[in-house]
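All remarks here apply to the structure that follows.
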Amino acid sequence: MNDQATPSAAERAEKLQGLGCSRKRVEDARFTQGKGNYIDDMKLPGMLFGDFVRSSYGHARITSINKDAALALPGVIAVLTAEDLKPLNLHYMPTLAGDVQAVLADEKVLFQNQEIAFVIAEDRYIAADAVELVEVDYEELPALVDAFKAMDADAPVLREDLEGKTEGAHGPRNHHNHIFYWEEGDKEGTEKAIAEADVVAEELITYPRCHPSPIETCGCVASMDKVSGKLTIWGTFQAPHAVRTVASLITNIAEHNIRIVSPDIGGGFGNKVGVYPGYICAAVASIVTGVPVKWIEDKIENLTATAFARDYHMTGRIAATKDGKITALDCHVIADHGAFDACADPTKFPAGFFSICTGSYDIPVAHCGVDGVYTNKAPGGVAYRCSFRVTEAAYMIERMIDVLARKLDVDPAELRSKNLIRKEQFPYTSALGWEYDSGDYQTAMDKALAAVDYKALRAEQAANRQAFTNGETRSLMGVGVAFFTEIVGAGPVKNCDILGLGMFDSCEIRIHPTGSAVARLGTISQGQGHATTFAQILATEIGLPAEDITVEEGDTDTAPYGLGTYGSRSTPVAGAAAAMAGRKIRAKAQMIAAYLLEVHDNDLEWDIDRFQVKGNPEQFKTMKELAFAAYNQAVPGIEPGLEAVSYYDPPNMTYPYGAYICVIDVDVDTGVVDVRRFYALDDCGTRINPMIIEGQVHGGLTEALAIAMGQEISYDKLGNVKGGSLMDYYLPTAVETPVWETDHTEVPSPHHPIGAKGVGESPNVGGVPAFSNAVNDAFAHLGLTHTQMPHDHWRVWKTAQSLGITG
Amino acid sequence: MIPGSFDYHRPESVDAAVSLLASLGDEARVVAGGHSLIPMMKLRMAVPEHLVDLQDIADLKGISIDDGTITIGAMTTQAELIASEELAATCPIIRETSLLIADPQVRNVGTIGGNVANGDPGNDMPALMQAMNAAYIVQNSAGRREVAAREFYEAAFFTALEDGEILTAVQFAVPASGHGHAYEKQKRKIGDYATAAAAVLLTMNGGTCATASIALTNVANTPLYAEDASAAIIGTSLDSAALDAAVAAAKAITDPAEDGRGPVEFRTHVAGVMVRRAIEKAAARAS
Amino acid sequence: MSKIDVKMTVNGTEVEKAADPRTLLIHFLREELDITGPHIGCDTSHCGACTVDLDGKSVKSCTMFVGQANGAEVTTIEGISGDDGSLHVLQDAFREHHGLQCGFCTPGMITRAYRLLQENPDPTDEEIRFGIAGNLCRCTGYQNIVKAIRVAAQQLNSAQEAAE
C-alpha cells in the first residue's frame, strides 16, 4: 500500500517519455557544445599518422616504387607496400561479397586513386610531404569504364589475380570481367506473359554511380598493446562486431584480443560498413611499431576510393492488359561493381534485395537477372540508404510504371491505384518470393493525392502546357508520383548473413538497484538517435523513465554481438531485441512483484510503470521498487539481480512504404528545375519518435534531391574519375533544398514485437523516383518516354532540345 | 589537404610588400583573402616558397568616391563591398554580383583584388570590371601603372601583371545616374562558379538604348568584354531583334570548357540566355 | 622554413605558440590547442564544418593559415556557451527542434548561426537559408536547422525587447 497520491496514467506515461513521443535527444548535449567524440578527435600518446600514395591511373602496371626520398624525410617512420604485407598475407583482404580486394596494389592498379603505399610518419603534415616523395612508375593499360563493354571478347583483362577462376563466390563466371549472374523468379512464365500481352513497355533505366558523402570521412586509430597482446581499433565502423570477427580471421589474432570501438560517427549512410585498406594498414603499422597509428582520409579520397553507390543499368520490360492491369515484369541488370566486388550485401544476395522490384504492385509473374561486371572504377556498390539495392529496384519499377502509363496514355497515379496490392492480400507473397508483412496502400495513396489536390495539379498542368504551346510561358510543370515499398530489417538468419554471421541483433539490459539502467545493443548510431529512441522502447516495456536508461553501442568489449546499423535494420532487429529483453525484465519483475504482494503471478496486471493486483489496483509495486527488491530480497527460485539479454532473429524482413508527390517547374531555356512542392507520406509501422522520423525523412529526401538532380561520379575513357571533389560533387546547400511536407499512416508490422518497420532509407528509396518522374512528366506530353539522371541543368536542356522546344 | 612548406611574411606597407616581392622573386606569392590561393596550395597545385600576406597594409583598404571616380582598395572584401551603402547607391551592380559569389564565410575574407588579379576564369568580378571599363592600379618596386581591365587578361591564370607587381586598387567612373544594371549568373548551386554569367550596364534615352556595356564570365579562358554584343543594342529600342543580335554576337565570342556544368554547346547557349535576361533586367531598372 | 610566433585569443583565453606557417588554422585549433569542436569535412573549402568566428566574422578555418589569424580573437563552438556553462539560445533551440542528427556539421553550423543572428537579428527563412549556405549538412535536410535558428532569433529578440 502506498500513501502518495498516484499520478494519473497519462502523467505516468508522460514521465516515461516512451514509445510514440517526440522525446528530445540525449546526444544533443554533447554535439551542440562541440563535445562530440569523433575519430579524428582522438589523440593518444606516441600516436603516428598514416597517409596513402594513390594511383594516378585507372589501369596500369606498377613498374617500380621508390621509397628512398620519402624514407629520408625526417619524421617518416616507414613506407608500406604490397611487398611488406605479403608475408602477413594481408596484401589482399576478403570483401563482404566473397571477392578479395587489394589492400595495397599488387603489381597493378585497377582504379584511379587506388592505394599503392602507406606512409607512416610523426604527424599528418610530414606524412603528406612523404606521400609526395614516393616515386611510382607505371605502364599504362587500356581502361575499361563502360560496363556494357566489360564482357566484350576483346575487353581488357582486369583481375589477373582471378585468372582461370571460372567459379566465383556466387556461381559460374562467363568472362574474365564477369563476377556473377544472379536471378530470381519464373523466367519462362514471364517471357510467355510478355509475349502474350496487349501492351509491353521496355526501357533502359540507368541509376548512375553516386556516393553517400557523409560530412565526416572514414578513419581509424589502431593501437596494438604489445604487453597484453590486445589490438584495439577505434574507427568509423557501422558494423563493429563484424569488423572484429573479420579482423581476427585475417590477422590470426584471437577474437578476444581484438577490441573494436565505434565512437561518434559523423554520418554513415552505408559508406562506413566495409573494411577499407586504411584500417588494415593502420593496424599493421601499429602492430609493427607498437604505438597507435591514426589514418583519416580526406574528402577526395573518400569520394573516389570508398564505397560508391548504385551504378546499375536496368532494362525493364513491363506487360499489361489494354485496361492497364500489369501482367508481368522482367528486368535485366548490368551491375558495374568497379575493380573489386566489395558490395556490402548479405552473402546469399549478390544483387542485394533487388528482387523487391515488383514494388507495391500485384504482379502475377516476374523475373529479374543481374550480371555483375568488373570495371576500372572504385569498388563498392551498396551504400547510400539503399537497403541492399532497394533504391535501384524502386527506381526501376517506379519509372517503368510511368513509362507504361505513357504508353497506355493513362494517368500515372491512376495506373498505380489500379495495380496496388490490396489490403486484403496481406501478408502478400510477391512473384519474386518476398512475403510483405502489412500495408494499406490505397489509404496512403488516397491521402497523398488528396493532400496535394492531385486533380487540381493535373488541371493546372494542362493549362500550363497550353500556355507553353501558345508561347505565353517558357516554364513546363511536372508532377511526379512514386509509391514505393521497400524491404528492410535484414534479416532472418536462415537466409541473411554477412560473411557467415547471421543477421540477428541484440540487446542486453541491466537494471541498477536504484531503478536506473544501462542497455547495450549490437547496433551503432551515426545520427539516428539510438541513445534516445531505444531508451524509449525500453521505457515503455519496463516502466522506467527513458532518461534513466543509458543506451550504449559500439564497443565490442561490452556490447552484445550484433551486425550493426545500415539498411534500416536497427529498429526492426535491434529494436525488437530491445523489446524482447525488456519483456524478459518485466517477466522476472512480475515474479518478484507476486512474491512481494503475496499473490500469484497471474493475479497481476501491468500498468505503465507498475504491476498491480487485478481488481485491487492500490496493491502495486513500481518497476523502481522491484529493481531494488531484485537486489534486496531473497525470492525463492529466482536469482538476484535484474538483467536480461535478447538475441533476436527476425522471422521476416519489414516492408515500409510511402506515397510521394513532387511538383516542379522547369525553365526550358536554362534547364533549371525548381522544386515547387514535395509531399511525402510514409508508413513505417509503429512510430517510436515522430520528431526523429521526420528528421530522417527530411535528410533522406535531401539526399534524394541531390542524387536525382546532380550527383554523379563518372569516369572518362582513360579511367580518370570526374566529380571526385566537392567542387563538382553535388551536395545541396540550404538554398537549393526545398521545404519538405511530411505525413504518415501507421499500419504496424504484425511480426515485430512493437510493430515498427524502420524508416531511415525510405525517403531516398521513394524520393529519387518522385523527382525523376516529375522531370520526365514535365516533357511527357511532347513524346518523352525516359531521360536519364542526374537531371542537372544541361541534361534537362538537352532533353528539351531533343524535343524541339528550345527555340 | 596539406600544403607544402613556405616562409610567411606580413609587410605593413605597399612599399614593403613590393620590395619583399622583388627580393624573394618567383617563388613568392601574395595572399589576399586566400580563398583562391590556399585551396590550390592544399591540393599542392601551387607550392610557393614564400607567402606575403597583405592584410596589414592600410593603403590597400577603403572605398572612396571622388570627383566622379570610385576607387576600391584591393584588400576590400566582398562583404565590405556588399555592406557599402555608397556603392549600393552609385553602383548597385557590385552588390548584386558580390552576393552571387561563393558563400557568406568566403565573402567575409575574399577580396576584390584577389578576385580580379589571379586570372581565374571562374571569378565574377573581372567581367564586371570590364563592363565598367575599370582600370587596375598595379605597383611593383619599379613603380606604379594602370592597366585597363579590358586589357588585363591573357589566358587562364595569366595576366598582364609583371614580376613583383601587386594590384593595389581598382578604379572606374561612377556610372551615369539612372543607369540600368544586371549581373545574371547561372550556377549549379550556391558556391559554384558560373555555368555562364553576363554583366550588363546600360543607359536609356527615352525608349532608346544610349550606351551599353556587356561582359561575360567563365565562358572562355578569360573574362570576355562583348563589344559587338554591346554595339548591337545601342541605338535600338531593345526590341527582340536587337536582343537576338546581341545574344548572337555574345555567343560568337564564347569558347567555354566542357565540364561538370555541361558541354560546350550548353554553356554557350546559357551565355546567350544570361545576356538576354541581363539586358532585360537592366532595361527595367534604367530610368 | 622558419616557425612563426603566433598570438591570438581563443574562446577568451590568450594563446601564444610557435607554429609552422603552413599550419592551417583548423589544425592549429584542433591539434595544438585541443579544441576539437570545429571539424574537417572536406578539402576544397565547401562544407563549412570548420567554421569559426574570427574578429566578429564567420570564417572557414580550413582556408586560413595560422599566421593570418595572428592577433585575432577567435570563438569556436566551445566558446558559444555562457561563461557559467549555460547554453546559448541557439544550442537550446537546436536540441528543442531537432536541428542535428550526427552532429558533425553542428559546431560549424551553430557558430555560423550565432554570427548570422548578429548580422541580421530578424531574418526570414529565405535569409536564414542564404545565411547558412556555406555550411553543408547531410543528415537533416536543413529544415529543422532553419526552424531552430528562426526560433532562436525570436527568443533573442524577445529577450532584447524585455531588457529594453
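Computed from the coordinates by the stated procedures, all read-outs in this text should not be read as laboratory data. Remember, predicted model here, so these are calculated numbers, not experimental data. All Cβ positions, glycine included, derive from the backbone under ideal geometry; neighbour counts span all protein chains shown.
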*Which FRET efficiency value, to the nearest 0.05, is calculated for A:GLU196 and A:VAL157 with the Förster distance at 56 angstrom and r the Cβ-Cβ distance?*
0.85
*Can you give me the pair-distance distribution of segment A:470-575, C-alpha pairs, 10 Å bins, whole percents?*
13, 36, 23, 11, 7, 6, 3, 0
*asked:* Give me, ordered by chain and number, the residues 5 or more places off A:MET477 or on other chains with an amide H under 5 Å from its own placed amide H.
replied: A:VAL666
*Using only atoms on other chains, find how many Cβ atoms lie within 10 Å of each Cβ of peptide A:705-716 and report the average.*
1
*What ³J(HN,Hα) values, in whole Hz, does the Karplus curve 6.51 cos²θ - 1.76 cosθ + 1.60 give for segment B:117-123 when θ = phi - 60°, with x put for Gly and Pro?*
8, 8, x, 6, x, x, 5
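Tell me which chymotrypsin sites (Phe, Trp or Tyr not before Pro) from segment C:14-97 have a DSSP coil assignment and no more than 15 other beta carbons within 10 Å of their own.
Numbers: sites: C:PHE28, C:PHE65, C:PHE94; in loops: none.
Nothing satisfies the criteria.
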*Any idea how far apart A:VAL288 and C:GLN154 come out in nm if each label point goes 7 Å out from Cα toward Cβ?*
6.0 nm
*Computed label-point distance, nm, for sites A:ALA72 and A:ALA462 using a 7 Å Cα→Cβ extension*: 8.0 nm
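Grab the DSSP H runs of chain A that are 4 residues or longer, score each as -39,500 (n - 2.57), total them, divide by all residues and round the 222 nm result to the nearest 500 deg cm²/dmol. Display every interim value, and only then the final one.
Numbers: 19 runs with 222 residues, N = 807.
Rounded to the nearest 500, the figure is -8500 deg cm²/dmol.
Compute the normalised compactness of segment A:403-555: alpha-carbon radius of gyration over 2.2 N^0.38 Å, N being the residue count.
Numbers: Rg = 24.1 Å, N = 153, 2.2 N^0.38 = 14.9 Å.
Computed over Cα atoms of segment A:403-555, the ratio equals 1.62.
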*Please check which bits of segment A:375-402 a label hung off A:LYS447 would reach, taking the label as a point 7 Å along Cα-to-C-beta and the cut-off as backbone N under 19 Å.*
none
*Once you put a point 7 Å from the Cα of B:MET45 and another 7 Å from the Cα of B:ASN133, both along the Cβ direction, what distance in nm separates them?*
3.5 nm
*Taking each residue of C:17-27 in turn, how many C-beta atoms of other protein chains fall within 10 Å of its C-beta, and what is the average?*
4
*Could you work out how far helix B:264-285 tilts from the main Cα principal axis of chain B, as a 0 to 90 degree angle to the nearest 10?*
70 degrees
*Taking only Cα atoms, what is the 0 to 90° angle, nearest 10, from helix B:14-24's long axis to the longest principal axis of chain B?*
70 degrees
_Just want to confirm a number: the relative contact order over chain B, from Cα pairs under 8 angstrom separated by 6+ residues, in percent._
16 percent
_So if I restrict to the alpha-carbon atoms in segment C:1-130, what is the Rg, and what is Dmax, the biggest pairwise distance, in Å?_
15.0, 49
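Quick one: if the Förster radius is 25 Å, what FRET efficiency do B:ASN205 and B:ALA231 give, using the C-beta to C-beta distance and rounding to 0.05?
On the way: r = 16 Å, r/R0 = 0.64.
Approximately 0.95, to the nearest 0.05.
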*Per-residue mean of C-beta atoms belonging to partner chains within 10 Å, peptide A:693-699*: 6
*Let me know the volume per residue of the alpha-carbon convex hull for segment A:444-496, in Å³.*
113 Å³
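Express the relative contact order of chain A as a whole percentage, based on alpha carbon pairs under 8 Å and six or more residues apart in sequence. If you can, show how the numbers build up before the last one.
Details: 2027 pairs, mean separation 124.8, N = 807.
Contact order relative to length: 15 percent.
Neighbouring Cβ atoms within 10 Å as the yardstick, rank A:TYR561, A:TYR384 fewest first.
On the way: A:TYR561 17, A:TYR384 27.
Lowest count first: A:TYR561, A:TYR384.
Between Rg and the Kirkwood Rh of segment B:61-173, both from Cα atoms, what is the Rg to Rh ratio?
Numbers: Rg = 13.2 Å, Rh = 14.0 Å.
Taking Rg over the Kirkwood Rh, I get 0.94.
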*With only Lys, Arg, Asp and Glu charged, each at its Cβ (+1 for the first two, -1 for the last two), find how big the charge dipole of chain A is about the Cα centre; round to the nearest 20 debye.*
720 debye
*asked:* When the expected Rg is taken as 2.2 N^0.38 Å, what fraction or multiple of it is the alpha-carbon Rg of chain B?
replied: 1.00
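Given the alpha-carbon gyration tensor of segment C:4-79, what are the semi-axes of its equivalent ellipsoid in whole angstrom, ordered largest first, with each equal to the square root of 5 times an eigenvalue? Don't skip to the end; give the middle numbers.
Details: eigenvalues 59, 38, 24 Å².
For segment C:4-79, the semi-axes come out at 17, 14, 11 Å.
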*With a Förster radius of 45 Å, plug the Cβ-Cβ distance of A:GLU83 and A:THR315 into 1/(1 + (r/R0)^6) and report the FRET value to the nearest 0.05.*
0.55
*Which helices pass in chain C if a helix is a full DSSP H run, must span at least 15 angstrom along its long axis by Cα, and must have mean Kyte-Doolittle hydropathy not below -0.5?*
C:106-119, C:143-163
_Going by amide H atoms built from the backbone, whose H comes under 5 Å of the H on A:TRP740, apart from near neighbours?_
none
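Counting other Cβ atoms within 10 Å, which GluC sites (Glu not before Pro) in segment A:1-109 have at most 16 and lie in a DSSP loop? All intermediate terms of the calculation are to be shown ahead of the outcome.
Details: sites: A:GLU11, A:GLU14, A:GLU27, A:GLU83, A:GLU107; in loops: A:GLU27, A:GLU107.
Within segment A:1-109, the qualifying GluC sites (Glu not before Pro) (loop, at most 16 other Cβ atoms within 10 Å) are A:GLU107.
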*Quick one: putting +1 on the C-beta of Lys and Arg, -1 on the C-beta of Asp and Glu, what dipole do you get for segment B:192-285 around its Cα centre, in Debye to the nearest 20?*
300 debye
*asked:* Give me a comma-separated list of calculated 3J(HN,Hα) values for segment A:414-431, in order, Karplus coefficients 6.51, -1.76, 1.60 applied at θ = phi - 60°, integers in Hz, x for any Gly or Pro.
replied: 5, 4, 4, 4, 5, 10, 4, 4, 8, 3, 5, 7, 7, x, 10, 9, 6, 5
_Just to be sure I follow: if Rg is taken over the C-alpha atoms of segment B:7-52 and Rh is the Kirkwood radius over the same atoms, what is Rg/Rh?_
0.98
_Sparsely packed GluC sites (Glu not before Pro) within segment A:147-255, loop by DSSP, other Cβ within 10 Å at most 12_ = A:GLU163
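Which number do you get for Rg(Cα) / (2.2 N^0.38 Å) in chain A? Please report the intermediate quantities before stating the final value.
Numbers: Rg = 27.7 Å, N = 807, 2.2 N^0.38 = 28.0 Å.
Taking the Cα Rg and dividing by 2.2 N^0.38 Å, one obtains 0.99.
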*In the protein assembly as shown, with Lys and Arg counted as +1 and Asp and Glu as -1 at Cβ, which of these residues, A:PHE483, B:THR159, A:ASN174, has the Cα nearest the positive end of the dipole, that is, farthest along it?*
A:PHE483
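Would you mind calculating the relative contact order of chain C from Cα pairs under 8 angstrom and at least 6 residues apart, reporting the percent as a whole number? All intermediate terms of the calculation are to be shown ahead of the outcome.
Working: 278 pairs, mean separation 37.3, N = 164.
In percent, rounded to a whole number, it is 23.
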*Can you run phi through the Karplus equation (6.51, -1.76, 1.60; θ = phi - 60°) for segment A:501-518 and list ³J(HN,Hα) in whole Hz, with x for Gly and Pro?*
8, x, 8, 7, 8, 8, 8, 10, 10, 10, 9, 7, x, 8, x, 9, 8, 10
_Can you list residues from other chains, or at least 5 along the same chain, whose modelled amide H is less than 5 Å from the amide H of A:ARG569?_
A:GLY489
